[in-house]
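Reading through the structure tokens given below for one structure.
The values are calculated or read from the model by the stated rules, or taken from the named source; none is laboratory data. Predicted, not measured: the structure shown is a model, and the values here were computed from it. For neighbour counting, all protein chains shown are included, and Cβ atoms are generated from backbone atoms with ideal geometry for every residue, glycine included. Side chains included, ligands, DNA and RNA excluded: accessible areas come from the protein's heavy atoms. Shrake-Rupley method; radii C 1.70, N 1.55, O 1.52, S 1.80 Å.
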Amino acid sequence: MTDLTIDLGFIKLKNPVIAASGTFGYGLEFAPFFDLSKLGGFVVKGLYFSPRPGNPPPRLVETPSGLINAIGLPGVGVRRFADEILPQLRKIKTAIIVNVCGENEEEYASVVEFLDKEEGISAYELNISCPNVEKDGLCPALDSEATFSVVSLVKKTSSRPVITKLSPNVTDIVEIALSAQEAGADALSLVNTLLAIAVDVEERKPVLGNIFGGLSGPAIKPISLRMVYQVVRRVKIPVIGMGGISSGRDALEYLITGAKAVEIGTANFIDPEASIKIIEELKDYCEENGFERIEDVIGTIKR
Amino acid sequence: MIKDPQARIIGKENWKDYYLLSIESPRIATQAHPGQFVMVRITSHSYPLLRRPFSIHFKDERNIEIFFKITGSGTGILSQKKSGDTLDILGPLGKGFHAGETLRGKDVVAVGGGRGIAPLYFLAHELRSHGAAVKIFYGGKSHEDLPLKAKFEENGFELFCSTDDGSLGFKGLISDYLQTELQTFNPARIFACGPEPMMEKIAEISQSGDIPTEFSLESVMGCGFGACWGCVKRIRKNNHEGWVKICEEGPVFSGEDIIWTEVEK
Ligand SMILES: Cc1cc2nc3c(=O)[nH]c(=O)nc-3n(C[C@H](O)[C@H](O)[C@H](O)COP(=O)(O)OP(=O)(O)OC[C@H]3O[C@@H](n4cnc5c(N)ncnc54)[C@H](O)[C@@H]3O)c2cc1C
Ligand SMILES: Cc1cc2nc3c(=O)[nH]c(=O)nc-3n(C[C@H](O)[C@H](O)[C@H](O)COP(=O)(O)O)c2cc1C
Ligand code: FES
């Protein structure tokens, strides 16, 4: 029997596989496909304080082995989430993580303050890639001071662990990672999507309604993996790796590199059971390679 | 909603760019209603990455059919599949047409433009089984875009064809043909699927004639089951206008709820 449990310090996961925010709905969309309690955890769709409509379509465009999305973080807001969705999630025996968004620092804090009164949430994942409406759409994740500031504020407000989710659209990801750690983040998750566009050559205009979108899927894996490699060497807090994972072997690349857990994103759309298959493949790998515990695989990359 | 990773192709037909695949998937077949769709995985590799949506063209107890036109890489690869190959499909998805008993003894119209005819064959059978008198309006650019003409006729459906180039039937748009014919009868309901400009024209016609109309809408879809928020259209719901996921609440919507001209940025 392989032991797949992972201890992040602040929570124990059944296994290292977490479904990523924005690709797993509010979780319930996947209940027809498998027992959600088999997951290490899942992160719900990004939540702002108030309900939001999201961007005008087209919101998606496929590129070779990738997907550019400009969904624009539509959502039900914290009240409806707490009243209608959370009660259903509480019954699921796995780590429920809420992806927290804000148009400014105060909104991040108010989302956390509101949700702190509600039971059944294991941790927050701060999506610091949300455009800040007051600062010309600049998101905190692009700047180490802004990152420090929002993470410190949320840490002060929150009674729960705070995972900070980093953006890859920076020159030096290690610098941002270190600021988040210094501000008290309990863990880091990386990465969010890569800023991208696609052009319609017949119409000679951008394909997406929002012009810009975020690239995800297998196409980004070499880049996100490189960032995880750089960050795990420099921080003390646990790192959750993601970007283009669609198989157990993809997940293993991140774990071997030093990520303590992984998040599965775009793959959920293509195979709603992807996360479950990945868990099985991790178990098989451990058995075939003589690892009794998945923790023994983590960070074993050779130079 | 069922995931059938091993649905076997048991039949294939082809007319130029149009293909029909019969797929054995008893669990999906038994649950399918007209207007619902399936998400088909094109390859087990990563290109093309996403599943592609296709209306359920027809079904019996064990099998479903999809009818599609090659419009890009995904449909191109799908057209190469052979009898005996298996497909990974998800379905039935979405909410379909309202084709129930209330239409018994009434005249109804189903309008399809190009590949938009796909869901209307299943719908036409369902309507007939409920005792409605179905008139099919089938339009395309040229006669090559009306490959299902013979099949509808052989099945005894009353058919009205149009082509832009006049190579078959009425010369002009199917919406114009419908408008002309509506001077002679008054259908209890219109069902439509096709390119958006066609559907918009039909929305105008049915609105001015006060005929309840249902449209099957299209969008690029990330997942097909409500998880990505990628497939939205502007829809009126309980007097409130907003972006609605068409995979979940559609793809079929009542004409009065659809806001056709999306805000230009
Ligand atoms: C609910 C629903 C039911 C459908 N039923 C049928 C059907 O029965 N028969 C049929 O032939 N087609 C149907 N379509 C359209 C079909 O899904 C697209 O033609 C197909 O996804 C294109 O894939 P591709 O890889 O060949 O093209 P791509 O290379 O992906 O794209 C080619 C072009 O098609 C557009 N496109 C891509 N995906 C879609 C999409 N999902 N909807 C509309 N346009 C798209 C792209 O923007 C591009 O302009 C349906 C679409 C929806 C949403
Ligand atoms: C359609 C879509 C919506 C997303 N929404 C969110 C979101 O709300 N919050 C967030 O932090 N990340 C969001 N992401 C980013 C993913 O969680 C993940 O970081 C990214 O897609 C990379 O992983 P992948 O390549 O496995 O998809 C979204 C991604 C996609 C494709
Ligand atoms: S296609 Fe994903 S929500 Fe509709």
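Observations on the structure shown:
- Condition check for A:Leu13: open to solvent by 20 Å² or more (accessible area, probe 1.4 Å) and either hydrophobic (A, V, I, L, M, F, W, C) or at pLDDT below 95 (or both): no
- You will find that of A:Gly120, A:Gly75, the residue that is without any contact (Cβ under 8 Å) to a residue 40 or more places away in the chain and crowded, with 21+ Cβ neighbours inside 10 Å is A:Gly75 and no other.
- Cβ-Cβ distances below 6 Å connect no pair with a first residue in segment B:61-87 that is within 25 Å of B:Gln31 (Cβ to Cβ) and open to solvent by 40 Å² or more (accessible area, probe 1.4 Å), a second residue that is more than 16 Å from ligand 3 (Cβ to nearest atom) and at pLDDT below 95, and a separation of six or more residues or different chains.
- Taking residues in segment A:261-284 that are of a type in the set (Asp, Glu), and partners anywhere that are assigned to a helix (DSSP H, G or I), the pairs with Cβ atoms closer than 6 Å and at least 6 places apart or on different chains are A:Glu281/A:Gly248.
- If you filter segment A:179-226 down to residues that are in contact with an Asp or Glu (Cβ under 7 Å, 6 or more places away or on another chain) and outside any helix (DSSP H, G or I), you find that the one that is farthest from ligand 2 (Cβ to nearest atom) is A:Val207.
- B:Val38, sole failed condition from (1) away from ligand 1 (no atom under 11 Å from the Cβ); (2) assigned to a strand (DSSP E or B); (3) not basic (Lys, Arg): (1)
- Of residues in segment A:244-266 being open to solvent by 10 Å² or more (accessible area, probe 1.4 Å) and among the small types (Gly, Ala, Ser), the one farthest from ligand 2 (Cβ to nearest atom): A:Gly258
- Filtered by the rule that a residue be open to solvent by less than 20 Å² (accessible area, probe 1.4 Å) and assigned to a loop (DSSP other than H, G, I, E, B), segment B:175-193 gives a lone residue, B:Pro187.
- Residue under evaluation A:Gln88, criteria (1) open to solvent by less than 20 Å² (accessible area, probe 1.4 Å); (2) away from chain B (no Cβ under 14 Å), criterion not met: (1)
- Candidate set from segment B:207-249 (those that are part of a loop (DSSP other than H, G, I, E, B), within 13 Å of another protein chain (Cβ to nearest Cβ) and of a type in the set (Gly, Ala, Ser)); member that is nearest to the chain's Cα centre (by Cα): B:Ser219
- Residue within segment A:37-49 that is assigned to a loop (DSSP other than H, G, I, E, B) and more than 17 Å from A:Val112 (Cα to Cα) present: yes
Conditions tested, residue by residue: (1) more than 16 Å from ligand 2 (Cβ to nearest atom); (2) surrounded by 17 or more Cβ atoms within 10 Å (Cβ to Cβ); (3) not hydrophobic (A, V, I, L, M, F, W, C).
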position	(1), (2), (3)
B:Asp210	yes, no, yes
B:Glu214	yes, yes, yes
B:Glu218	yes, yes, yes
B:Met221	no, yes, no
B:Gly224	no, yes, yes
B:Val232	no, yes, no
B:Lys237	yes, no, yes
B:Val244	yes, yes, no
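- Residue ID - nearest to A:Ser189 (Cα to Cα), chosen from residues in segment A:6-55 that are within 14 Å of chain B (Cβ to nearest Cβ) and of a type in the set (Val, Ile, Thr): A:Val43
- Strands (runs of 3 or more DSSP E) completely within segment A:50-116 that count 1 or more residues being out of contact with any strand residue (DSSP E or B) (no Cβ under 7 Å at 6 or more places or on another chain) and among the acidic types (Asp, Glu): A:60-63
- Of all residues in segment A:269-287, at least one satisfies being in contact with an Asp or Glu (Cβ under 9 Å, 6 or more places away or on another chain), surrounded by fewer than 22 Cβ atoms within 10 Å (Cβ to Cβ) and away from chain B (no Cβ under 14 Å).
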